[in-house]
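Presented below is the structure to which this report refers.
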Amino acid sequence: MPERTDGRGRTLFSAALSCVLIPALLLLGSLVWDNRRYYLVSLLVIVLSLLPMLLRFERRKPQARELVVLAVLTALGVAGRAAFEFAPAFKPVAAIVIVAGAAFGCEAGFLVGAATAFLSNFFFGQGPWTPWQMFGFGLVGFLAGLLFSRRFAPKRLALCAFGGLVVFALYGPLLDTATVLMVSADITREAILAALATGVAFNAVHAGATVVFLALAGEPLLRKLDRVKVKYGLLEP
């Protein structure tokens, strides 16, 4: 019972960071700092993303192989985004982040998503959009961990349905709304609706790409990660 209670408290703490503190930090960067301190905001998002992971290690020292697994998943996301540079909307990043969250839990999913966005933007260009991409991909990984890692082993259909929905209805609209905050001093409902309407086609392609990558590689990658978890006792959600 104490372990279960600790896990619930850790999840609530992670949710508070992901859904309250980090969004507040992003709004501070956009509205108060006028998007000029995006490197600082990005680094603070990384630090806040690490806090829940540190709580998971509070009773024991982290094993190097645990950190290596997360680093490999992050590198896979960065490489996947770079490999599909020719197709801006067709990327495997969200699929990889979803697999990370489903395999290792909310905290790992958020950290892999945020780190992937930050590191890959050294190739694609850093800017005030970076913290928002970090938050968006992190939230995708967090929700995947919340839905899949504790309740049931995700099947291909469930993974694909979740991936398509969360990218089209959450990640895409979040970044479209952030665009209004970044480019306009006059934030109106009309401007936000126009940005959302403009992004529908792009978000549909991105969601479709996520479904395709999850359908092709989601289950096989999860099976391999499950074997690694069982063999080494890594990062149990």
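Kindly state, to the nearest 0.05, the FRET efficiency for Thr198 paired with Ala87, given R0 = 22 Å and r defined as their beta-carbon distance.
Numbers: r = 19 Å, r/R0 = 0.85.
Rounded to the nearest 0.05, the efficiency is 0.75.
Taking R0 as 35 Å, what's the FRET efficiency between Leu43 and Ala215 from their Cβ-Cβ distance, rounded to 0.05?
Once rounded, the FRET efficiency stands at 0.50.
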- Note on the structure: When the charge dipole of the chain is computed with +1 at the Cβ of Lys and Arg and -1 at the Cβ of Asp and Glu, the Cα pointing farthest to the positive end, of Ala89, Val112, Leu21, is that of Val112
- Item | Most fluctuating residue given options Arg227, Arg189, Arg65, as computed from a GNM of the chain linking Cα atoms under 10 Å | Arg189
- Spin-label pair Trp33/Ala169, simplified geometry with 7 Å Cα→Cβ offset, distance in nm: 3.3 nm
- What is the spin-label model distance, in nm, from Ala24 to Leu54 if the labels are put 7 Å beyond Cα along the C-beta direction? 1.8 nm
- Taking only DSSP H segments of four or more residues, each worth -39500 (n - 2.57), what value at 222 nm results for the chain once the sum is divided by all its residues, to the nearest 500 deg cm²/dmol? -23000 deg cm²/dmol
- In debye to the nearest 20, the charge dipole size for the stretch 2-232, taken about the Cα centre with +1 at each Lys and Arg Cβ and -1 at each Asp and Glu Cβ, equals 1060 debye
- Counting other Cβ atoms within 10 Å of each Cβ, which trypsin sites (Lys or Arg not before Pro) in the stretch 121-162 have at most 11 and sit in a DSSP loop? Arg151
- For the chain, with the dipole built from +1 on Lys and Arg beta-carbon atoms and -1 on Asp and Glu ones, taken about the Cα centre, which of Leu143, Met182, Leu31 lies farthest toward the positive end? Leu143
- Is the stretch 77-131 best put as rounded, prolate or oblate by its Cα gyration tensor, with a ≥ b ≥ c the root eigenvalues, rounded for a/c under 1.5, and otherwise prolate when a/b is larger than b/c, oblate when not? oblate
- Would you mind ranking Lys229, Lys224 so that the residue whose beta carbon has the fewest other beta carbons within 10 Å leads the list? Lys224, Lys229
- Item | Cα-based convex hull, the chain, per residue volume (Å³, whole number) | 120 Å³
- Item | Lys224 paired with Arg65, simple spin-label distance in nm, labels 7 Å along Cα-to-beta-carbon | 1.6 nm
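Only the coordinates and a few stated rules stand behind these numbers; no lab work does. What you are looking at is a predicted structure, and each value in this text was computed from that prediction instead of being measured. Methodologically, a virtual Cβ is constructed for each residue, glycine included, from the backbone with ideal geometry; neighbour enumeration extends over all protein chains shown.
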